[in-house]
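The values are calculated or read from the model by the stated rules, or taken from the named source; none is laboratory data. This structure is a prediction, so every number in the text was calculated from the model and none was measured. Cβ placement follows ideal geometry from the backbone for every residue including glycine, while neighbour counts extend to all protein chains displayed.
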Amino acid sequence: MLAYIGLGSNLNNPKQQIKDALIALNSTQDVKVVALSSLYQSKPIDDSEQPDYINAVCQVDTH
């Protein structure tokens, strides 16, 4: 079964956080990451003084 998972981070090296999340997903039994969107940078919704977010969506296949 295919599923889509939204990923995002704005702290502690966000690109690395997303990479680590993908590795963890791929390490999960019966889950395989089959596609990944581009990485997108976005501002916090409340326009507070937070770092920008890095976001992506991945497609996974669950067996």
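Brief remarks on what is shown
- Applying the set (1) in contact with a strand residue (DSSP E or B) (Cβ under 7 Å, 6 or more places away or on another chain); (2) closer than 11 Å to Ile54 by Cβ to Val33 leaves exactly one unmet item: (2).
- Filtered by the rule that a residue be surrounded by 11 or more Cβ atoms within 10 Å (Cβ to Cβ), polar (S, T, N, Q) and not in a strand (DSSP E or B), segment 1-28 gives Asn10, Asn13, Gln16, Gln17, Asn26, Thr28.
- Residues satisfying the stated conditions in segment 2-56, i.e. of a type in the set (Lys, Arg) and touching a His at 6+ places or on another chain (Cβ under 8 Å): Lys32
- Reported count of residues in segment 29-50, each being surrounded by 12 or more Cβ atoms within 10 Å (Cβ to Cβ), at pLDDT 95 or above and not in a strand (DSSP E or B), is 2.
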